[in-house]
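Taking it in order: structure first as structure tokens, then the write-up.
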């Protein structure tokens, strides 16, 4: 009988620790749970090229430039990416004269990926940023849609990486 009583007491202590008592096993479990609930870092994405042109044929950019006449109805912003852990997503964020005018999200399905967006454009200074899922700028390209004759060489907007 004493053995059963002692065994029951030991089991009770093991199953129901004292209130307020610290249990290192529980702390480890809490830490593991907190780590599991923390948002995972965005997958690493490297931009091999980001460029602006007038068309895409067979997944390659055509008419690459940084200056376009006003008769250009739309431009293609093309990029080649390397992703460490696909699938993930990237955002193409367009600015006209410093004001955000459009954001397009595209999925990156493979570790090496070419993708593009098409944007109707009007006269002005344009910039497009390629951002990761957290909004960090991976690369950007500036381009100009001109009213008249394109500016002389060397006065085109600069591309940033």
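No lab work stands behind these numbers, since they all come straight from the coordinates. The structure presented is a predicted model; accordingly, all values stated were derived computationally and were not measured.
What to note about this one:
- Extension gain, residue 84 back to residue 146 (0.36 nm per residue minus Cα-Cα distance, nm): 18.5 nm
- Note on segment 45-146: the C-alpha convex hull projects to 5.8 nm² when averaged across all orientations.
- In terms of its C-alpha gyration tensor, segment 52-112 has an oblate overall shape, because the principal axis ratio a/c (a ≥ b ≥ c, square roots of the eigenvalues) is not below 1.5 and a/b does not outweigh b/c.
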